[in-house]
Amino acid sequence: MTSYVVMAPPEFETLGGDPEITGDLQFVPDRFSALAFLFSIPWMLVHRMWLVLLGYLTITLVIEATALSLGGPAAGIAALAIAFLFGFEAQTLRCWSLQRKGWHMLGVAEGVAKEEAELRFFRNRADFEQNPIKSDRQSSRPAAEPIVPRIGSEQVVGLTLGPETRQ
């Protein structure tokens, strides 16, 4: 199963709203991206990841220049390592880019395919809206006071005791 991070656009309010806005939700898979591995720059352009593209080009040029100065197969190995690293981190960078544009994370959904993850997310979200879980902020009991370690009437600060409490 694949986990998907559910990202909502800035104008998104609730799931019970406009179906067109609900259709704008992005389900970003948390897995290796073969397309980002094979076609890094076009993949970033398609997803409008401008800052990531700038960083990728900068890092790639520096590493490739260093590898070329070493000679031998170092340049090819460096290019392959950069491509693999980007393939693994591409979807995380996509979420980061969306958050910089004002999108926010609604939750996480799991499924064998994207469609199954969408169904699970919307079903679980509808169940939650019908039967909300009472959180600590909504409870009527007062917040607990923090526990302060004491020995006798002295407060314990750090790992050692003061000279008056040692024996």
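Work out the FRET efficiency for F122 and I41 from their Cβ-Cβ distance, taking R0 = 41 Å, and round it to the nearest 0.05.
According to the calculation, E is roughly 0.75.
Return the FRET efficiency for the residue pair E110, E13: r is the Cβ-Cβ distance, R0 is 25 Å, and the value is rounded to the nearest 0.05.
According to the calculation, E is roughly 0.50.
By how many nm would the segment from L54 to A74 grow when fully extended, if each residue of separation counts as 0.36 nm and the alpha-carbon distance is taken off?
4.9 nm
Distance in nm between label sites at L61 and A81, each 7 Å beyond Cα in the beta-carbon direction?
My value for the distance between the label points is 2.1 nm.
Take each of the peptides 74-80, 47-53, average the number of other beta-carbon atoms within 10 Å over its residues, and list them starting from the highest.
Going by the mean number of other Cβ atoms within 10 Å, highest first, we get 47-53, 74-80.
Could you tell me which of P9, I63, L53 has its Cα farthest along the dipole of the range 1-99 towards the positive end, charges placed at Cβ (Lys, Arg +1; Asp, Glu -1), taken about the Cα centre?
Result: I63, furthest along the dipole toward the positive end.
Taken together, the values in this text are just the output of simple stated rules run on the coordinates, not laboratory data. Small disclaimer: the values here were computed from a predicted structure and weren't measured. Here the Cβ is made from the backbone with ideal geometry for all residues, glycine too, and neighbour counts use every protein chain on show.
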